[in-house]
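Just so you know, all these numbers are worked out from the coordinates, no wet-lab data involved. Just so you know, these numbers come straight off a predicted model, no measurement behind them. Reconstructed Cβ throughout: ideal geometry from the backbone, glycine too, with neighbour counts over all protein chains shown.
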């Protein structure tokens, strides 16, 4: 076997592999010997079909099987001899093997970029952590939200105008100009003023309205609105106020805490859980912000050409994930006219950032000698179990069944590498608004 390596770019290689005719003939003979015992050709007994006849009828099939066997038997050895490691599946180029001739095929693939990186390059990053703490006011707001869900609607007996927090009962009809919209009529609709579930124009029109009033509101619907009869139009809603209800919230006491399911015996226990949940949420936000800053600084450490196969792979995943999220939200991407190719162009800068950061992180993983242990994997499944409510063993079985363990291991490896970088960083707590302003400024610069 002869192996020749060509350098097409900093990150792309082409290997030409040449297998001798003797090996080609041996493989073709093996394929035809296997075929002759199974093929049926009129006028010949099984196993007695002459080779020339078999070549006439089954030549393409035999050549295909022989090429796969020749490739499979030499591909790994050729890569080992070249000393190269593809970052993605190579592209194969070859003509079908022919008896008495050498078999030549070419592999074109991307390889990891080579660049210099020292520990001092990433140790001592300056990071800013948002100062986020659960306050008594926030706990009280969460309690109020819980009470809002438990509120009972009570008809308002006295005559008074509707106010924010009330629920107004209306009949309405929608008009496009002076023409009633088909299906645009409804009765006894409850509009929660300030609840944000109805169009703002409708809520504002009903504030201060009394039973018997007939307010109107005009609402503009965007071009992409799912109801085509409303899309891109100003729709007038003629309403008739039929009733007014007020919300009566439960008393904030131990009985209220117990009414939420029996998990809490006292109001103080409920407050403690709310505070703990807020602290966990804020810790996640702090971690995500530090992660973002680390990745921003990490990708600046490597000046190298990006392997196109990795960028394309990342783009494919980003587009796929975006489409799935749209579908889960109830939107049909095709009906919305979304073009995957256009989305890929839009996502490309972000995909390139992710790939660059991932390559540098891989280098840091090597320098820090980060490893994933069985204990790390157990801990990850334990966290997933706590988050999803599913047994850790069941989650592990799902990952094994779907061959997803390598991706999980890669995720843990990346997180441990980020923690190693964070451990050597200088972290300063700042006002969250400062980070929001900085992030918006960077995004505007990228778009500009």
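Observations
- Sorted peptide list for 359-371, 254-266, criterion being average Cβ within 10 angstrom, highest first: 359-371, 254-266
- From the largest down, the stretch 117-160 spans 76, 21, 20 angstrom on the principal axes of its Cα atoms.
- If the Kirkwood radius is taken over C-alpha pairs of the stretch 229-355, then at 25 °C and 0.890 mPa s the Stokes-Einstein diffusion coefficient equals 117 µm²/s.
- Alpha-carbon centroids, the stretch 22-68 and the stretch 400-414: separation in whole Å: 43
- Shape class for the stretch 88-139, computed from the alpha carbon gyration tensor (a ≥ b ≥ c): oblate, with a/c not under 1.5 and a/b at or below b/c.
- Over the stretch 310-447, Cα pairs under 8 Å with separation of 6+ residues give a relative contact order of 22 percent.
- Highest mean packing comes first when the peptides 292-305, 48-61 are listed by Cβ atoms within 10 Å, giving 292-305, 48-61.
- In the frame of its principal axes, the chain has Cα extents of 102, 65, 50 Å, reported largest first.
- Debye log10 I(q)/I(0) at q = 0.19 Å⁻¹ for the stretch 359-415, Cα point scatterers: -0.70
- Over the stretch 152-248, the reciprocal of the mean inverse Cα-Cα separation, the Kirkwood hydrodynamic radius, stands at 13.8 Å.
- The chain: angle of helix 432-447 to the longest principal axis, Cα-based, in degrees nearest 10: 50
- Between the helical axis of 21-36 and the longest alpha-carbon principal axis of the chain there is an angle of about 70 degrees.
- Distance from the stretch 162-237 to the stretch 128-157 (C-alpha centre basis), Å: 27
- Hydrodynamic radius by Kirkwood, which averages 1/r over all alpha carbon pairs of the stretch 316-384, in angstrom: 15.2
- Nearest 10 degrees, 0 to 90: helix 51-82 Cα axis against the chain principal axis: 70
- Rh (Kirkwood; distinct C-alpha pairs) - the stretch 2-110, Å: 15.3
- Alpha-carbon centroids, the stretch 274-307 and the stretch 339-385: separation in whole Å: 12
- Solution diffusion estimate, µm²/s, Stokes-Einstein, the stretch 264-447, Kirkwood Rh from C-alpha pairs, 4 °C, viscosity 1.567 mPa s: 65
- Ranked packing of 63-71, 276-284, 78-86, most packed first, by mean Cβ within 10 Å: 63-71, 78-86, 276-284
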